[in-house]
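Here is the structure we will look at, set down as structure tokens.
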Amino acid sequence: MKPPHSTGRNVIAILAIPIVMLFLIVITPFSLGITSPFDLCGMVDAGSRATSLSFICRGVFYEDGIPTGSWQSKLPLLGQIDGCSPYFCLGPQTLNYLIDDQPLDFITLAYDYAPNTDERHMNQVLDKMLGQCGLTEEAGRTIYSNQKLKRTELRRVGKIKGRNGAAYWDAWATRDKGEFGHSTYMVTVYTKDGIKDNVDDFASSKLGITKTTKPASPDEIL
């Protein structure tokens, strides 16, 4: 028969294991320089491996998809907006994301199929998302409406200062009042190189970046 003090030590050891694991899960993302699940700037600065590890520690897991897949939140209360859970897209997204460490060109936070509401509410949702991400310096905003398609798009852009990689952000709110109407919200943080293929007239005028145009592909020419 084991002495009582030996049994007590075994119980303490068993209880300590999950506590230590929980501590490591909580502290690991901070040690990587990523302060929250919505610290897009920290993720871009940290790279693909650190970002992937921080996601896993916070209950956000990778799901295969076309063309690159996405990171879906599995925690029901993580940053929900109007009952919708967030998902993230990394660029580039490596297949062996915990092995192949690459610098990120951009990262996108998105909410899809949110309630179909008015312009005021759309801006409120973007305000909340930008606040979650710590993005404050706005350079400009615009709105586009297509009555024929029953579609409205709000767009806001801004600059990011004092970061190693993150340089610009681009936020969209799209409302579709068609037969299958819904709203989609996205905030993307880019590096200086990562944004180069996504600079239209609006972004060029507000962010002071030269407009870029992609050469037409053979399929587009035909």
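Would you mind working out the magnitude of the charge dipole of the stretch 32-221 relative to its Cα centre, with +1 at each Lys and Arg C-beta and -1 at each Asp and Glu C-beta, to the nearest 20 Debye?
Values: 21 positive and 24 negative charges, 106 e Å.
Dipole of the stretch 32-221, to the nearest 20 debye: 500 debye.
Å³ per residue of the Cα convex hull, for the stretch 32-221? Please report the intermediate quantities before stating the final value.
Numbers: hull volume 27.2 nm³, N = 190.
Output value, Cα hull per residue: 143 Å³.
Pairs to check: K128/K161; K148/K206; K74/K128. Give those whose C-alpha atoms are more than 26 Å from each other in this structure.
Distance filter (> 26 Å) returns K148/K206.
Every number here is computed from the coordinates shown, using simple stated rules; none is lab data. Worth saying up front: this structure is predicted, and the values here are computed from it rather than measured. Cβ sites come from the backbone with ideal geometry, for glycine too, and all protein chains shown count toward neighbours.
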